[in-house]
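Asks: A single structure is presented below for examination.
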Amino acid sequence: MKLLTTNFLTCAVKTCKTSPLSFPLHFKDATLERTEIDFDPLFMRNLLPRVNWDALTTTATELGLQALVPAKNPVDVVEQSRGDDGDIDVQAEAEADAEGTTINATETNADHEIEEEILRRLHNLLLETGVVEGKLVCGNCGFEYPIKEGVGNFLLPAHLV
Amino acid sequence: MAEQPRDELQYENEHVHEVYDQIATHFSSTRYKPWPVVDEFLRSLPAGAVGLDVGCGNGKYLPVNKSVFIIASDRSKALIDIARQHEPHTAIVADTLHLPHPPARFDFAISIAVIHHLSSVERRVQAIRTIIQTLRPPLKGSSGGQALIFVWALEQKYSRRGWDQGSQQDVLVPWILKPDQTSGPDSPPKTYQRYYHLYHEGELDNDAIAAGARILRSGYDRDNWWVIIARQA
Ligand SMILES: [Zn+2]
(Lines give C-alpha, C1' and ligand atoms only; values in the text may rest on other atoms or scores of the structure.)
Protein backbone atom coordinates (compact mmCIF):
# COMPACT_ATOMS: atom_id res chain seq x y z
CA MET A 1 0.00 0.00 0.00
CA LYS A 2 1.79 3.10 -1.33
CA LEU A 3 1.80 6.34 0.66
CA LEU A 4 0.24 7.97 -2.40
CA THR A 5 -2.67 5.52 -2.23
CA THR A 6 -3.51 6.44 1.36
CA ASN A 7 -3.87 10.06 0.22
CA PHE A 8 -6.89 8.88 -1.80
CA LEU A 9 -8.49 6.58 0.78
CA THR A 10 -11.12 7.13 3.42
CA CYS A 11 -13.51 4.97 5.44
CA ALA A 12 -15.88 2.82 3.36
CA VAL A 13 -18.72 3.43 5.84
CA LYS A 14 -21.10 5.92 4.21
CA THR A 15 -21.82 7.97 7.33
CA CYS A 16 -18.08 8.42 7.95
CA LYS A 17 -17.43 10.10 4.58
CA THR A 18 -18.96 13.41 5.72
CA SER A 19 -16.83 13.48 8.88
CA PRO A 20 -13.44 15.23 8.67
CA LEU A 21 -12.18 12.61 11.16
CA SER A 22 -12.33 9.88 8.50
CA PHE A 23 -9.58 11.40 6.32
CA PRO A 24 -6.84 10.45 6.22
CA LEU A 25 -7.07 6.99 7.71
CA HIS A 26 -4.45 6.35 10.40
CA PHE A 27 -1.75 3.70 10.25
CA LYS A 28 -1.40 1.23 13.10
CA ASP A 29 1.29 -1.45 13.56
CA ALA A 30 2.69 -0.59 10.14
CA THR A 31 5.69 -2.34 8.59
CA LEU A 32 7.29 -0.36 5.78
CA GLU A 33 8.55 -1.70 2.46
CA ARG A 34 10.33 -0.18 -0.51
CA THR A 35 9.49 -1.01 -4.12
CA GLU A 36 11.57 0.31 -6.99
CA ILE A 37 9.46 2.15 -9.57
CA ASP A 38 10.59 4.04 -12.70
CA PHE A 39 10.90 7.79 -12.11
CA ASP A 40 8.75 9.90 -14.44
CA PRO A 41 9.28 13.64 -13.78
CA LEU A 42 6.23 14.83 -15.76
CA PHE A 43 4.01 12.34 -13.93
CA MET A 44 5.32 13.53 -10.55
CA ARG A 45 5.03 17.20 -11.48
CA ASN A 46 1.41 16.84 -12.57
CA LEU A 47 0.56 14.60 -9.66
CA LEU A 48 1.54 17.11 -6.98
CA PRO A 49 -1.47 19.49 -7.30
CA ARG A 50 -3.68 16.44 -6.73
CA VAL A 51 -2.06 15.49 -3.44
CA ASN A 52 -3.72 16.64 -0.21
CA TRP A 53 -0.62 17.99 1.55
CA ASP A 54 -2.06 18.13 5.06
CA ALA A 55 -3.14 14.49 4.81
CA LEU A 56 0.27 13.48 3.43
CA THR A 57 2.01 15.27 6.30
CA THR A 58 -0.20 13.47 8.83
CA THR A 59 0.40 10.07 7.22
CA ALA A 60 4.18 10.56 6.95
CA THR A 61 4.38 11.76 10.55
CA GLU A 62 2.54 8.64 11.79
CA LEU A 63 5.12 6.51 9.99
CA GLY A 64 8.07 8.54 11.31
CA LEU A 65 8.81 9.90 7.81
CA GLN A 66 7.90 13.54 8.44
CA ALA A 67 11.45 14.67 7.59
CA LEU A 68 10.81 13.61 3.97
CA VAL A 69 7.78 15.89 3.48
CA PRO A 70 8.42 19.54 2.51
CA ALA A 71 6.42 21.96 4.70
CA LYS A 72 4.50 23.14 1.65
CA ASN A 73 3.44 21.48 -1.57
CA PRO A 74 6.21 22.52 -4.04
CA VAL A 75 3.49 23.35 -6.55
CA ASP A 76 2.04 26.02 -4.24
CA VAL A 77 5.50 27.49 -3.70
CA VAL A 78 5.95 27.84 -7.46
CA GLU A 79 2.45 29.30 -7.90
CA GLN A 80 3.13 31.83 -5.17
CA SER A 81 6.44 33.07 -6.56
CA ARG A 82 4.73 33.48 -9.90
CA GLY A 83 2.10 35.61 -8.21
CA ASP A 84 4.78 37.92 -6.76
CA ASP A 85 5.81 38.71 -10.31
CA GLY A 86 2.51 40.44 -10.81
CA ASP A 87 0.01 37.76 -11.76
CA ILE A 88 -3.30 39.41 -10.89
CA ASP A 89 -5.29 36.19 -11.17
CA VAL A 90 -3.47 34.53 -8.29
CA GLN A 91 -6.43 34.46 -5.92
CA ALA A 92 -8.68 32.71 -8.43
CA GLU A 93 -5.92 30.26 -9.19
CA ALA A 94 -5.35 29.50 -5.52
CA GLU A 95 -9.05 28.74 -5.22
CA ALA A 96 -8.90 26.52 -8.26
CA ASP A 97 -6.02 24.67 -6.69
CA ALA A 98 -7.84 24.31 -3.39
CA GLU A 99 -10.57 22.41 -5.17
CA GLY A 100 -8.07 20.69 -7.38
CA THR A 101 -6.64 21.22 -10.80
CA THR A 102 -8.88 20.08 -13.62
CA ILE A 103 -7.85 17.69 -16.36
CA ASN A 104 -7.43 20.55 -18.85
CA ALA A 105 -5.62 22.86 -16.47
CA THR A 106 -2.76 20.46 -15.72
CA GLU A 107 -0.84 20.92 -18.95
CA THR A 108 -0.73 24.69 -18.58
CA ASN A 109 1.29 24.22 -15.37
CA ALA A 110 4.05 22.32 -17.10
CA ASP A 111 6.21 25.41 -17.64
CA HIS A 112 6.63 26.05 -13.89
CA GLU A 113 9.88 24.49 -12.85
CA ILE A 114 10.29 22.33 -9.78
CA GLU A 115 13.78 21.01 -9.19
CA GLU A 116 14.15 17.43 -10.34
CA GLU A 117 15.82 16.51 -7.06
CA ILE A 118 12.66 17.50 -5.16
CA LEU A 119 10.50 15.48 -7.57
CA ARG A 120 12.79 12.49 -7.16
CA ARG A 121 12.54 12.60 -3.38
CA LEU A 122 8.75 12.82 -3.56
CA HIS A 123 8.68 9.95 -6.05
CA ASN A 124 10.63 7.95 -3.51
CA LEU A 125 8.22 8.85 -0.70
CA LEU A 126 4.87 8.68 -2.52
CA LEU A 127 5.38 5.79 -4.94
CA GLU A 128 8.27 3.70 -3.67
CA THR A 129 7.48 3.74 0.04
CA GLY A 130 4.59 1.61 1.20
CA VAL A 131 3.14 -0.40 4.04
CA VAL A 132 3.37 -4.16 3.62
CA GLU A 133 1.67 -5.22 6.86
CA GLY A 134 -0.48 -3.24 9.28
CA LYS A 135 -3.85 -1.57 9.64
CA LEU A 136 -5.56 1.60 8.51
CA VAL A 137 -7.91 2.95 11.17
CA CYS A 138 -10.89 5.30 10.71
CA GLY A 139 -10.71 8.25 13.11
CA ASN A 140 -14.50 8.50 13.12
CA CYS A 141 -15.86 4.97 13.63
CA GLY A 142 -12.66 3.23 14.72
CA PHE A 143 -12.93 0.41 12.18
CA GLU A 144 -9.57 -1.15 11.31
CA TYR A 145 -8.85 -2.11 7.70
CA PRO A 146 -6.15 -4.78 7.44
CA ILE A 147 -3.16 -4.55 5.08
CA LYS A 148 -1.64 -7.93 4.25
CA GLU A 149 1.24 -8.55 1.85
CA GLY A 150 0.88 -4.94 0.71
CA VAL A 151 -2.83 -5.21 -0.16
CA GLY A 152 -5.43 -3.26 1.80
CA ASN A 153 -8.82 -4.91 2.37
CA PHE A 154 -11.74 -2.45 2.58
CA LEU A 155 -14.64 -4.90 2.60
CA LEU A 156 -17.02 -4.09 5.44
CA PRO A 157 -18.52 -6.66 7.81
CA ALA A 158 -22.29 -7.15 7.35
CA HIS A 159 -23.24 -4.99 10.37
CA LEU A 160 -21.50 -1.91 8.89
CA VAL A 161 -22.90 -2.25 5.34
CA MET B 1 -36.52 -7.94 -4.54
CA ALA B 2 -35.51 -4.31 -4.09
CA GLU B 3 -36.71 -4.28 -0.48
CA GLN B 4 -34.26 -7.00 0.50
CA PRO B 5 -30.75 -5.75 -0.24
CA ARG B 6 -29.27 -8.36 2.12
CA ASP B 7 -30.69 -11.16 -0.04
CA GLU B 8 -29.38 -9.48 -3.18
CA LEU B 9 -25.95 -9.34 -1.62
CA GLN B 10 -26.16 -13.02 -0.74
CA TYR B 11 -27.30 -13.84 -4.28
CA GLU B 12 -24.40 -11.83 -5.75
CA ASN B 13 -22.01 -13.56 -3.36
CA GLU B 14 -23.04 -16.93 -4.74
CA HIS B 15 -23.44 -16.01 -8.41
CA VAL B 16 -20.72 -13.39 -8.85
CA HIS B 17 -18.07 -13.15 -6.12
CA GLU B 18 -17.57 -16.84 -5.35
CA VAL B 19 -17.51 -17.66 -9.05
CA TYR B 20 -14.79 -15.10 -9.78
CA ASP B 21 -12.73 -16.33 -6.84
CA GLN B 22 -12.94 -19.87 -8.22
CA ILE B 23 -12.20 -19.04 -11.84
CA ALA B 24 -9.71 -16.18 -11.21
CA THR B 25 -6.63 -17.87 -12.63
CA HIS B 26 -8.38 -19.21 -15.69
CA PHE B 27 -10.35 -16.00 -16.26
CA SER B 28 -7.07 -14.16 -16.19
CA SER B 29 -5.54 -16.05 -19.10
CA THR B 30 -8.58 -15.54 -21.33
CA ARG B 31 -8.97 -11.78 -20.89
CA TYR B 32 -6.12 -9.70 -22.14
CA LYS B 33 -7.15 -7.63 -25.14
CA PRO B 34 -8.19 -4.07 -24.20
CA TRP B 35 -11.40 -2.93 -25.83
CA PRO B 36 -10.70 0.04 -28.18
CA VAL B 37 -13.05 2.51 -26.45
CA VAL B 38 -11.44 1.80 -23.06
CA ASP B 39 -7.97 1.91 -24.56
CA GLU B 40 -8.62 5.31 -26.15
CA PHE B 41 -10.21 6.74 -22.98
CA LEU B 42 -7.19 5.77 -20.87
CA ARG B 43 -4.60 6.92 -23.42
CA SER B 44 -6.24 10.35 -23.74
CA LEU B 45 -5.58 11.16 -20.05
CA PRO B 46 -2.82 13.66 -19.20
CA ALA B 47 0.27 12.50 -17.31
CA GLY B 48 -0.22 12.61 -13.56
CA ALA B 49 -4.01 12.16 -13.67
CA VAL B 50 -5.38 10.13 -10.75
CA GLY B 51 -8.29 7.73 -11.17
CA LEU B 52 -10.11 4.55 -10.26
CA ASP B 53 -10.69 1.20 -11.91
CA VAL B 54 -13.83 -0.01 -10.15
CA GLY B 55 -14.20 -3.78 -10.41
CA CYS B 56 -10.79 -4.13 -12.07
CA GLY B 57 -10.79 -7.95 -12.24
CA ASN B 58 -7.31 -9.14 -13.19
CA GLY B 59 -6.28 -5.56 -13.99
CA LYS B 60 -6.12 -5.94 -17.74
CA TYR B 61 -6.52 -2.18 -18.31
CA LEU B 62 -3.76 -1.18 -15.89
CA PRO B 63 -0.88 -1.60 -18.39
CA VAL B 64 -2.54 0.75 -20.96
CA ASN B 65 -1.26 4.05 -19.49
CA LYS B 66 1.64 4.06 -17.04
CA SER B 67 1.85 7.85 -16.75
CA VAL B 68 -1.41 8.09 -14.81
CA PHE B 69 -2.08 6.70 -11.32
CA ILE B 70 -4.93 4.22 -10.93
CA ILE B 71 -6.32 2.78 -7.71
CA ALA B 72 -7.88 -0.45 -8.91
CA SER B 73 -10.37 -2.30 -6.73
CA ASP B 74 -12.22 -5.58 -6.81
CA ARG B 75 -14.11 -7.73 -4.31
CA SER B 76 -12.11 -10.77 -5.30
CA LYS B 77 -8.83 -11.15 -3.42
CA ALA B 78 -7.74 -13.78 -5.96
CA LEU B 79 -8.11 -11.30 -8.83
CA ILE B 80 -6.45 -8.46 -6.90
CA ASP B 81 -3.43 -10.71 -6.33
CA ILE B 82 -3.08 -10.79 -10.13
CA ALA B 83 -3.96 -7.11 -10.73
CA ARG B 84 -1.47 -5.76 -8.19
CA GLN B 85 1.60 -6.48 -10.31
CA HIS B 86 0.96 -3.48 -12.61
CA GLU B 87 3.13 -0.59 -11.38
CA PRO B 88 2.89 2.32 -10.82
CA HIS B 89 -0.75 1.58 -9.99
CA THR B 90 -2.27 0.17 -6.79
CA ALA B 91 -4.81 -2.60 -6.26
CA ILE B 92 -7.06 -2.92 -3.21
CA VAL B 93 -9.91 -5.21 -2.15
CA ALA B 94 -13.13 -3.18 -1.99
CA ASP B 95 -16.84 -3.27 -2.81
CA THR B 96 -18.20 -1.21 -5.70
CA LEU B 97 -21.12 0.03 -3.59
CA HIS B 98 -18.87 0.93 -0.63
CA LEU B 99 -15.78 2.47 -2.15
CA PRO B 100 -13.19 3.70 0.38
CA HIS B 101 -12.44 6.94 -1.45
CA PRO B 102 -13.00 10.59 -0.53
CA PRO B 103 -15.47 12.47 -2.76
CA ALA B 104 -14.50 14.85 -5.58
CA ARG B 105 -10.78 13.95 -5.81
CA PHE B 106 -10.49 11.91 -9.00
CA ASP B 107 -9.80 12.91 -12.61
CA PHE B 108 -11.30 9.76 -14.05
CA ALA B 109 -12.83 6.38 -13.33
CA ILE B 110 -13.51 3.28 -15.37
CA SER B 111 -15.88 0.44 -14.53
CA ILE B 112 -15.78 -2.19 -17.24
CA ALA B 113 -18.18 -5.13 -17.23
CA VAL B 114 -19.00 -4.73 -13.54
CA ILE B 115 -22.33 -3.14 -12.73
CA HIS B 116 -24.24 -5.67 -14.86
CA HIS B 117 -23.41 -8.12 -12.04
CA LEU B 118 -25.59 -6.15 -9.56
CA SER B 119 -28.98 -7.76 -9.19
CA SER B 120 -31.41 -4.83 -8.87
CA VAL B 121 -31.85 -1.51 -10.65
CA GLU B 122 -31.44 0.31 -7.32
CA ARG B 123 -28.03 -1.27 -6.78
CA ARG B 124 -26.94 -0.56 -10.37
CA VAL B 125 -27.95 3.12 -10.11
CA GLN B 126 -26.29 3.33 -6.69
CA ALA B 127 -23.06 1.99 -8.19
CA ILE B 128 -23.03 4.78 -10.79
CA ARG B 129 -23.85 7.36 -8.10
CA THR B 130 -20.98 6.05 -5.96
CA ILE B 131 -18.57 6.36 -8.88
CA ILE B 132 -19.52 9.91 -9.94
CA GLN B 133 -19.25 11.13 -6.34
CA THR B 134 -15.53 10.36 -6.48
CA LEU B 135 -15.04 12.59 -9.55
CA ARG B 136 -13.87 16.19 -9.49
CA PRO B 137 -16.80 18.52 -10.11
CA PRO B 138 -16.76 20.70 -13.26
CA LEU B 139 -14.70 23.84 -12.71
CA LYS B 140 -13.87 26.93 -14.77
CA GLY B 141 -15.02 25.64 -18.14
CA SER B 142 -13.58 22.16 -17.66
CA SER B 143 -15.84 19.15 -17.52
CA GLY B 144 -14.17 17.91 -14.32
CA GLY B 145 -13.60 14.20 -13.81
CA GLN B 146 -15.03 11.68 -16.28
CA ALA B 147 -16.11 8.08 -15.84
CA LEU B 148 -16.38 5.39 -18.52
CA ILE B 149 -18.82 2.56 -17.83
CA PHE B 150 -19.30 -0.61 -19.92
CA VAL B 151 -22.10 -3.17 -19.52
CA TRP B 152 -23.22 -6.22 -21.48
CA ALA B 153 -25.95 -5.53 -24.04
CA LEU B 154 -29.20 -7.40 -24.53
CA GLU B 155 -28.96 -6.63 -28.24
CA GLN B 156 -26.29 -9.05 -29.47
CA LYS B 157 -28.10 -11.32 -31.93
CA TYR B 158 -24.92 -12.10 -33.88
CA SER B 159 -22.99 -13.20 -30.78
CA ARG B 160 -22.57 -16.79 -29.66
CA ARG B 161 -25.30 -16.23 -27.04
CA GLY B 162 -27.77 -14.85 -29.58
CA TRP B 163 -29.73 -12.64 -27.17
CA ASP B 164 -31.77 -9.80 -28.65
CA GLN B 165 -34.62 -7.39 -27.92
CA GLY B 166 -37.33 -9.19 -26.01
CA SER B 167 -35.00 -11.76 -24.44
CA GLN B 168 -34.91 -12.26 -20.68
CA GLN B 169 -32.69 -9.51 -19.17
CA ASP B 170 -31.69 -11.21 -15.92
CA VAL B 171 -29.73 -14.33 -16.74
CA LEU B 172 -27.35 -16.89 -15.29
CA VAL B 173 -24.48 -17.56 -17.68
CA PRO B 174 -22.60 -20.80 -17.18
CA TRP B 175 -18.82 -20.76 -16.95
CA ILE B 176 -17.46 -24.19 -17.69
CA LEU B 177 -14.09 -24.89 -16.18
CA LYS B 178 -12.53 -27.81 -18.02
CA PRO B 179 -10.43 -30.24 -16.04
CA ASP B 180 -6.71 -29.51 -16.05
CA GLN B 181 -3.58 -31.33 -14.91
CA THR B 182 -4.24 -30.57 -11.24
CA SER B 183 -7.77 -32.02 -11.18
CA GLY B 184 -6.87 -34.95 -13.45
CA PRO B 185 -8.10 -35.68 -16.99
CA ASP B 186 -10.91 -37.96 -15.82
CA SER B 187 -12.65 -35.52 -13.49
CA PRO B 188 -15.79 -33.91 -14.95
CA PRO B 189 -15.78 -30.22 -16.02
CA LYS B 190 -17.07 -27.87 -13.31
CA THR B 191 -19.84 -25.41 -14.16
CA TYR B 192 -20.26 -22.08 -12.39
CA GLN B 193 -23.32 -19.87 -12.89
CA ARG B 194 -22.64 -16.15 -13.17
CA TYR B 195 -25.45 -13.60 -12.81
CA TYR B 196 -25.80 -10.83 -15.42
CA HIS B 197 -28.31 -8.08 -16.04
CA LEU B 198 -28.35 -7.51 -19.82
CA TYR B 199 -28.93 -3.85 -20.68
CA HIS B 200 -31.38 -2.91 -23.41
CA GLU B 201 -30.77 0.12 -25.63
CA GLY B 202 -30.99 3.40 -23.66
CA GLU B 203 -31.07 1.68 -20.27
CA LEU B 204 -27.50 2.53 -19.25
CA ASP B 205 -28.07 6.20 -20.15
CA ASN B 206 -31.28 6.14 -18.10
CA ASP B 207 -29.53 4.60 -15.10
CA ALA B 208 -26.77 7.23 -15.36
CA ILE B 209 -29.32 10.05 -15.44
CA ALA B 210 -31.15 8.50 -12.48
CA ALA B 211 -27.82 8.52 -10.63
CA GLY B 212 -27.52 12.27 -11.25
CA ALA B 213 -24.81 12.05 -13.91
CA ARG B 214 -24.31 14.22 -16.96
CA ILE B 215 -23.84 12.17 -20.13
CA LEU B 216 -20.93 13.28 -22.32
CA ARG B 217 -20.89 10.42 -24.85
CA SER B 218 -22.42 6.99 -25.17
CA GLY B 219 -22.44 4.15 -27.64
CA TYR B 220 -22.45 0.45 -28.49
CA ASP B 221 -19.32 -1.63 -29.01
CA ARG B 222 -18.90 -5.39 -29.40
CA ASP B 223 -22.06 -6.57 -27.62
CA ASN B 224 -21.74 -3.87 -24.94
CA TRP B 225 -23.32 -0.50 -24.16
CA TRP B 226 -20.97 2.19 -22.87
CA VAL B 227 -21.29 5.71 -21.50
CA ILE B 228 -18.88 8.51 -20.53
CA ILE B 229 -20.32 10.58 -17.71
CA ALA B 230 -19.44 13.52 -15.44
CA ARG B 231 -20.92 15.28 -12.42
CA GLN B 232 -23.58 17.95 -12.90
CA ALA B 233 -22.20 21.49 -13.12
ZN1 LIG C 1 -15.37 5.00 9.63
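The values are calculated or read from the model by the stated rules, or taken from the named source; none is laboratory data. Bear in mind the structure is a predicted one, so any value in this text is a computation, not a measurement. All Cβ positions, even for glycine, are placed from backbone atoms using ideal geometry, and neighbour counts span all protein chains on display. Keep in mind that these areas ignore ligands, DNA and RNA; they rest on the heavy atoms of the full protein, side chains included. Shrake-Rupley method; radii C 1.70, N 1.55, O 1.52, S 1.80 Å.
Asks: Based only on Cα atoms, what Rg/Rh ratio does the range A:108-161 have, Rh being taken as Kirkwood's radius? Write out the running numbers ahead of the final one.
Replies: On the way: Rg = 17.4 Å, Rh = 14.3 Å.
Here Rg/Rh amounts to 1.22.
Asks: Taking amide H atoms as placed 1.01 Å from N in the peptide plane, list the residues 5 or more away in sequence, or in a different chain, whose amide H sits under 5 Å from that of B:ARG75.
Replies: Under 5 Å from the amide H of B:ARG75 lie the amide H atoms of B:ALA94, each far enough along the sequence or on another chain.
Asks: Over chain B, average the accessible area per residue using a 1.4 Å probe and give it in Å², no decimals. Show your work: numbers first, answer last.
Replies: Working: 10090 Å² over 233 residues.
That works out to 43 Å² for each residue.
Asks: Along the charge dipole of chain B, Cβ charges K/R +1 and D/E -1, which of B:CYS56, B:PRO189, B:LEU45 sits furthest on the positive end?
Replies: Of the candidates, B:LEU45 comes out farthest on the positive side.
Asks: So between B:ARG129 and B:ARG161, what do we pick up on full extension, going 0.36 nm a residue minus the alpha carbon distance? Can you show the working numbers first?
Replies: Numbers: separation 32, 0.36 × 32 = 11.52 nm, distance 3.03 nm.
Length gained between B:ARG129 and B:ARG161: 8.5 nm.
Asks: Can you send over the carbon and sulfur percentage of the accessible area for the protein assembly as shown, probe radius 1.4 Å, protein chains only?
Replies: Values: 9120 of 17920 Å².
Solvent-exposed carbon and sulfur of the protein assembly as shown make up 51 percent of the total.
Asks: Order of B:146-153, A:37-44 by packing, highest average Cβ count within 10 Å first? All intermediate terms of the calculation are to be shown ahead of the outcome.
Replies: On the way: B:146-153: 24.1, A:37-44: 16.1.
The packing order, highest mean first, is B:146-153, A:37-44.
Asks: Also, I was wondering about something else. Name the lysines eligible as straight-distance cross-link partners of A:LYS14: C-alpha to C-alpha under 25 Å, and not fewer than 8 places from it in the same chain.
Replies: Within the straight-line limit of under 25 Å, A:LYS14 reaches these lysines: A:LYS2, A:LYS28, A:LYS135, A:LYS148, B:LYS77.
Asks: Return the value, in Å² to the nearest 100, of accessible area buried between chains B and A (probe 1.4 Å, both sides summed).
Replies: Numbers: alone 11900 and 9540 Å², together 17920 Å².
Buried surface at the B/A interface: approximately 3500 Å².
Asks: Could you name every residue in the range B:139-176 that has 30 Å² or more less accessible surface in the full protein assembly than in its own chain alone (probe 1.4 Å, ligands and nucleic acids excluded)?
Replies: So the qualifying set is B:LEU139, B:LYS140, B:SER142.
Asks: Dividing the convex hull volume of the alpha carbon atoms of the protein assembly as shown by its residue count, what do you get in Å³ per residue?
Replies: Values: hull volume 58.6 nm³, N = 394.
Measuring per residue, one finds 149 Å³ for the Cα hull of the protein assembly as shown.
Asks: Once amide H atoms are placed 1.01 Å from N in the peptide plane, what residues at a sequence separation of 5 or more from B:SER218, or on another chain, have their amide H within under 5 Å of its amide H?
Replies: Answer set, sorted by chain and number: B:ILE228.
Asks: Right, something else. HN-Hα J couplings of the range B:195-209 from phi, Karplus 6.51/-1.76/1.60, θ = phi - 60°, integer Hz, Gly and Pro as x?
Replies: 7, 9, 9, 8, 7, 8, 3, x, 5, 5, 4, 4, 4, 5, 5
Asks: Considering all projection directions equally, how large on average is the shadow of the alpha-carbon convex hull of the range B:8-231, in square nanometres?
Replies: Working: hull surface 50.3 nm².
Spelled out: convex hull of the Cα atoms, projected over all directions, averaged, 12.6 nm².
Asks: Among all the lysines, which ones have a C-alpha under 17 Å from B:LYS178's C-alpha, if same-chain residues fewer than 8 places away are not counted?
Replies: B:LYS190
Asks: What FRET efficiency would be calculated for the residue pair B:ARG217, B:GLU122, taking the C-beta separation as r and a Förster radius of 30 Å, to the nearest 0.05? Intermediate results must be reported in sequence, preceding the final value.
Replies: Numbers: r = 25 Å, r/R0 = 0.85.
Computed FRET efficiency for B:ARG217 and B:GLU122 comes out at 0.75.
Asks: Starting at the first residue of the range B:66-82, write each ³J(HN,Hα) from the Karplus equation 6.51 cos²θ - 1.76 cosθ + 1.60 with θ = phi - 60°, in whole Hz, x for Gly and Pro.
Replies: 8, 9, 10, 10, 10, 9, 9, 9, 7, 6, 8, 4, 5, 6, 5, 4, 7
Asks: What residues does the range B:64-78 have that are buried by at least 40 Å² of accessible area in the full protein assembly compared to the chain on its own, 1.4 angstrom probe?
Replies: In the range B:64-78, residues shielded by partner chains: B:PHE69.
Asks: Find the relative contact order for chain B and round it to a whole percent, using C-alpha pairs within less than 8 Å whose residues are 6+ positions apart.
Replies: Numbers: 461 pairs, mean separation 41.9, N = 233.
Rounded, it is 18 percent for chain B.
Asks: Distance from a point 7 Å along Cα→Cβ of A:LYS148 to each backbone N in the range A:1-19: keep the residues under 17 Å and list them by number.
Replies: Only A:1 pass the distance filter.
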